[in-house]
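The values are calculated or read from the model by the stated rules, or taken from the named source; none is laboratory data. If you're wondering where the values come from, they're calculated on a predicted model, not measured in any experiment. Quick reminder, even Gly has a Cβ in these numbers, built from the backbone with ideal geometry, and neighbours come from all protein chains shown.
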Protein chains: 2
Amino acid sequence: MQNISELLQKSLGKPKQRLVIAASEDLNVLEAVQFAVEKNLISPIFVGNIKQTIELAKSIKFNIEQFELIDTPDISTSAHISIGLIKNFKADILMKGLIPTANLLKVAVDKHEGIAAGKFLSHVALSQVKSYHKPILTTDCALNISPNFQKKVQIIENAVAVMHNLGYQNPKVAIICPVEKENAHIESTVHAVQLTQMNLDGKISGCQIFGPLALDNAISSESAKHKGIKNDVAGDADILLVPDLDSGNILYKAINFLASGTTAAIITGAQCPIVLTSRSDSSENKLYSIALAVCSVVGL
Amino acid sequence: MQNISELLQKSLGKPKQRLVIAASEDLNVLEAVQFAVEKNLISPIFVGNIKQTIELAKSIKFNIEQFELIDTPDISTSAHISIGLIKNFKADILMKGLIPTANLLKVAVDKHEGIAAGKFLSHVALSQVKSYHKPILTTDCALNISPNFQKKVQIIENAVAVMHNLGYQNPKVAIICPVEKENAHIESTVHAVQLTQMNLDGKISGCQIFGPLALDNAISSESAKHKGIKNDVAGDADILLVPDLDSGNILYKAINFLASGTTAAIITGAQCPIVLTSRSDSSENKLYSIALAVCSVVGL
């Protein structure tokens, strides 16, 4: 992809997906779903307080009575029912409505009724900023607080799978650190060297990994040149692995608020993509997130 | 300040400062010094391999033979001599030349011959980005790897002192975290609550502290409103305290490379400001860093 706008085209080329909203009584989410329905991207299933959902939908002239509507007495039940629909292949994408993320994910990762199937969930965000020549996927900027080495391997694998679904064959993964050399006092640099070696040894495949790289070396070939770094990933990264949540959240917010980026984000690793839009997301970002989810449905 | 361009005007209103360059045989640094000399901001003292320094200066048509030139046999000696000049009040600003930062700072913090005087050194960067209505100071994005609570207090105090020197009376300090609520699993949020309380109790003064705030809540009043945050610091921060080096370096690089910001940076806390410019800094950034150092000389 040269630009994130291609994401919408790609998603429109896929079969229409069934998107289930847990606790659908959320105006912000209804707006996002309305955009996606208008684009013919998805067919929605509303699970929650249906009376309230219909009223909110009416306020934005979104007629939802033609779609599947499942009334539930509380948000917990809406989470259980929505995730049950995914588990039984009656829906393809899960979207968070007016329910705290933690409550929804607790059900999603439950051993018995959940949809994680023993796999590790992580957050990916695909962004476009003016200062970079192509979209860039950042991970994990929102879910895992302080991933250890083994979890970082899984975060990379999850991100690479998303990129494969988008048509990338061998995405370039930059391991972001505050310095370009291994430093025993900075764990991210130690992990970077190990991850790079595992990739060289073929233990993480389907991508090209390099680190440690500071953010500028990953996205600016001029910066990489100044530092004397010669590697295909430097200045041309497709995926940025961040050290932890503290740093990832800053990167995500910097992309969207300081650099006025456009971003699509989902939680990946489960049986289906999970969409969490936030109140402060732009309409464009919300639509792109659903488009990324459509492209990420496994088995398309 | 409304814009970082005022920094240059402010520094021009100060007496001309004596800037000593340790290991002056560095083209990148000579260019920065040349700009500052042309602006009449500083009077330079070159310490290092003088033959090489003169040759490099000639290559950019910078005639340095009119200034004080101290020839040294190696970079270690140049560090000792430069820092000795600061200690004995024969220079006001220290600038790093072709010597690794660690080597220079090791001498600077030495108990006997150093210039830290038992104080704690930290990095501050004053930046301007198009998406924010005023300059913003970020700290510590380059020096301290994983500051504990007590060090964070000192990092704030150092940053507040820099802002006071720039004319700010009560700068607004946002404690940046990945979430807006205290979470025992995320140390930065625990620190944020404690720092906010210390400020309320008058134990950290001369500033207004608030946190935890995610980056967007600190710099966007719209984001803060969406999250229901009501505090003067939210959306209007002057200083951003980052959790650690992993996150700070990403913020610093995001400001400069993703958001095409203009940045002035110094190390503060010692007897004098220390300027470290990097090869990849723009000419503008290098000049602004020297201007910030001039404004930060204590006792002006």
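Remarks
- Some residue of the range B:277-292 being closer than 22 Å to residue B:157 by Cβ and more than 16 Å from the chain's Cα centre (by Cα): no
- The range B:122-142 - residue that is among the hydroxyl-bearing types (Ser, Thr, Tyr) and within 13 Å of residue B:162 (Cα to Cα) and, of those, nearest to the other protein chains (Cβ to nearest Cβ): B:138
- Any chance residue B:186 is facing chain A (nearest Cβ under 9 Å), within 20 Å of residue A:256 (Cβ to Cβ), surrounded by 21 or more Cβ atoms within 10 Å (Cβ to Cβ) and not small (Gly, Ala, Ser): no
- Checked against the criterion of being away from chain B (no Cβ under 14 Å) and closer than 14 Å to residue A:268 by Cα, the candidates A:119, A:90, A:111 yield just one match: A:119.
- Residue count for the range B:150-183, restricted to those that are surrounded by fewer than 18 Cβ atoms within 10 Å (Cβ to Cβ), under 19 Å from residue B:1 (Cβ atoms) and within 13 Å of chain A (Cβ to nearest Cβ): 0
- Of residues in the range A:60-78 being closer than 15 Å to residue A:42 by Cβ and not aliphatic (A, V, I, L, M), the one surrounded by the fewest Cβ atoms within 10 Å (Cβ to Cβ): A:66
- Where strands (runs of 3 or more DSSP E) fall wholly inside the range B:46-149, the ranges with 2 or more residues that are touching a residue at least 40 places away in the same chain (Cβ under 8 Å) and in contact with a helix residue (DSSP H, G or I) (Cβ under 6 Å, 6 or more places away or on another chain) are B:93-96, B:122-128, B:136-139.
- Taking the criterion of being acidic (Asp, Glu), in a helix (DSSP H, G or I) and more than 18 Å from the chain's Cα centre (by Cα), the residues of the range B:6-45 that qualify are B:31, B:38.
- Residues in the range A:260-269 that are among the small types (Gly, Ala, Ser) and touching a strand residue (DSSP E or B) at 6+ places or on another chain (Cβ under 8 Å): A:261, A:264, A:265, A:269.
- Just one residue in the set A:281, A:244 is at pLDDT 95 or above and not hydroxyl-bearing (Ser, Thr, Tyr); that residue is A:244.
This table checks each residue for (1) more than 14 Å from chain B (Cβ to nearest Cβ); (2) surrounded by fewer than 23 Cβ atoms within 10 Å (Cβ to Cβ).
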position	(1), (2)
A:204	yes, yes
A:216	no, no
A:222	no, yes
A:255	no, no
A:274	yes, no
A:286	no, no
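- Some residue of the range A:154-175 being part of a helix (DSSP H, G or I) and over 24 Å from the mean Cα position of the chain (by Cα): no
- Given (1) touching a residue at least 60 places away in the same chain (Cβ under 8 Å); (2) within 14 Å of chain A (Cβ to nearest Cβ); (3) surrounded by fewer than 24 Cβ atoms within 10 Å (Cβ to Cβ), number of the condition residue B:297 does not satisfy: (2)
- Scanning the range B:238-253 for residues that are among the charged types (D, E, K, R) and away from every other protein chain (no Cβ under 12 Å) returns a single hit, B:238.
- In the condition set (1) β-branched (Val, Ile, Thr); (2) surrounded by fewer than 24 Cβ atoms within 10 Å (Cβ to Cβ); (3) within 14 Å of chain A (Cβ to nearest Cβ); (4) within 18 Å of the chain's Cα centre (by Cα), residue B:229 is compliant with all but (4).
- The one condition in (1) at the interface with another protein chain (Cβ under 10 Å from one of its Cβ atoms); (2) buried (at least 19 other Cβ atoms within 10 Å of the Cβ); (3) closer than 30 Å to residue B:224 by Cβ that residue A:279 fails to fulfil: (2)
- Set side by side, the residues B:19, B:56, B:41 differ, and just one is buried (at least 19 other Cβ atoms within 10 Å of the Cβ) and farther than 17 Å from residue B:292 by Cα, which is B:56.
So that you can scan it fast, the table gives a plain yes or no per residue for (1) under 17 Å from residue A:264 (Cβ atoms); (2) of a type outside the set (Val, Ile, Thr):
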site	(1), (2)
A:9	yes, yes
A:30	no, yes
A:40	no, yes
A:49	no, yes
A:54	no, no
A:58	no, yes
A:77	no, no
A:83	no, no
